[in-house]
Amino acid sequence: MIKMKIMTKKAGGLILLAKIKLALFLSICLFFAFPNFGNSALVNDYEIEKLLNELINPIIKISNVEIKKPYFYLVLNPIPNGFVNKSNKVFITTGLITEINKPEALVGVLAHEIAHLKAGHLKKRDEQIESSKNLFNVVNIISLSTSILSNNPDFFVASNTTSAQILNQKNAEFNKDQEREADMIAFKILEEANITTNEYKELFKKLLNNMEKYGVDETKLNIYTHPYKIERIQAIESFQKNSNSNDIYLSEDIHQRYEFIRAKIDGYTLSLEKNILKYDKSLSENKFYALSISYAKEGYIKKSMDNINKLINLYPENPYFYETKGDILLSFGYSEEAYKFFEKSLSLDNNNDYARIHVIEYLLNKIDNKQDAIQIFDKILSFKLDIWKNNRILNVQAKICEILDREDYFYQTLAFIEINKGNNELGIKYLEYVINITEDESTKILAKKTIKELVIDE
């Protein structure tokens, strides 16, 4: 079964149905929070990452915020959201991309999140929570801070004590001020980038219309942690009146690529029935993308191939359609045929790490002797990948090292696999072992350097 590249009794009663709709609506409206997505997986997709990097790069440059690559992580979660963490990383959900119709609006969201980092809001929020410890016991504060960071209104509804309600309100207002500041910084970033703020405004209009559709009065949410949508719309309009921006929209190419990645996400995350309902009568070409993936997920290889082939015929120079065709063929066990399309994808874009990984994995299965292993290892090196951050490549590399009897390199590879999983302690133990056994000076230097960096970070 084809899967997205991931690093997851009928309700009765009108009242319950209304509550479900309200809860869904609230989740959709909670943009720009700092939530905990629990076990939500991270998505690795070169096509999506490339476009998002193109959108976020000028924002980061203008904001002058120090962020190491990768700048963002894509979270597999249907709830539309964007947030930042203390490591200066931006997280956006797949649901955010599918919810936002225009790339300019998404750039507005990204600018807003970068603005949180520029203004030092996470540090200030921690300080606010710390200061609250004088009022409540540690247990209550932990639950409160989680709710604040998660922007979860259910916690506030469940709070019964007067003191808790007062503190919740206090923190909500504190968060609102931060959101207002982040919006203003974002407006200025967009202005300097010569990207229109109109679509950012339209996003909030859409959210406001949805609220009215479900009969939700935002002003009644007394402990809502974000400014009211109408306030944010008015703030944008006020800024626009005094702005020197030319309201420039992104290129047609960006718009088209954005529609393709939205359809791609739909293909992987929605059921076949929902994708047929959404796309079958559509005149847009992106429907072929969603349906090719969705049909493959359900085992309909002919219909899947028909749709992806239509895209390839329309766009013979698009490397991602060949990669997707390779993915589909591979999911049905046609590894030989899949390999050809991964190679074709690489010929059009030789920076596609995911296509490279497929090529390497295919070649690995062809190894009969040490000479084959050496050749594949050389091919890995020729790709000039940042191999130490990619566990799929590292797993292949570990197998090759076993064949070549390179114990030092084998354990170095295992070390980075564990480090990438967050198991730093085990990673350090492997690296210390590497230092003791290796005769290769560069391997020893990398091991020592990595241990030092991990110790400093902790």
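The values are calculated or read from the model by the stated rules, or taken from the named source; none is laboratory data. Source: prediction; values computed, not measured. FYI the Cβ positions are ideal-geometry reconstructions off the backbone, even for glycines, and counts take in every protein chain you see.
Taking the condition of a type outside the set (Val, Ile, Thr), out of contact with any Asp or Glu (no Cβ under 6 Å at 6 or more places or on another chain) and surrounded by fewer than 20 Cβ atoms within 10 Å (Cβ to Cβ), does ASP280 pass?
Yes: the conditions hold for ASP280.
For GLU407, work out the one condition from (1) closer than 26 Å to ILE437 by Cα; (2) crowded, with 18+ Cβ neighbours inside 10 Å it doesn't fulfil.
Of everything listed in (1) closer than 26 Å to ILE437 by Cα; (2) crowded, with 18+ Cβ neighbours inside 10 Å, GLU407 misses just condition (2).
Quick one: in region 421-445, of everything that is part of a helix (DSSP H, G or I) and at pLDDT below 90, which residue is surrounded by the fewest Cβ atoms within 10 Å (Cβ to Cβ)?
SER442
When you check ASN88 against the structure, is it in the same structural domain as PRO58 (by TED's automatic domain parsing) and under 10 Å from the mean Cα position of the chain (by Cα), yes or no?
No.
Hey, does region 279-287 have a residue that's among the basic types (Lys, Arg), part of a loop (DSSP other than H, G, I, E, B) and farther than 19 Å from ILE393 by Cα?
Yes, some residue in region 279-287 is among the basic types (Lys, Arg), part of a loop (DSSP other than H, G, I, E, B) and farther than 19 Å from ILE393 by Cα.
If we keep just the residues of region 299-336 that are exposed (fewer than 14 other Cβ atoms within 10 Å of the Cβ) and of a type in the set (Asp, Glu), which is modelled with the highest pLDDT?
My answer is GLU317.
Just the residues that are in contact with a Leu (Cβ under 9 Å, 6 or more places away or on another chain), more than 11 Å from TYR411 (Cα to Cα) and not charged (D, E, K, R), please, taken from region 427-458.
The answer is LEU446, THR450, ILE451, LEU454.
Of all residues in region 311-353, which are among the polar types (S, T, N, Q) and not in a helix (DSSP H, G or I)?
Residues satisfying the conditions are ASN318, ASN350, ASN351, ASN352.
For region 240-276, which positions are out of contact with any strand residue (DSSP E or B) (no Cβ under 9 Å at 6 or more places or on another chain), of a type in the set (Val, Ile, Thr) and surrounded by 15 or more Cβ atoms within 10 Å (Cβ to Cβ)?
ILE254, ILE261, THR269, ILE276
If I ask for residues that are part of a helix (DSSP H, G or I) and under 19 Å from GLU337 (Cα atoms), which ones from region 354-379 would you list?
Selection gives TYR354, ALA355, ARG356, ILE357, HIS358, VAL359, ILE360, GLU361, TYR362, LEU363, LEU364.
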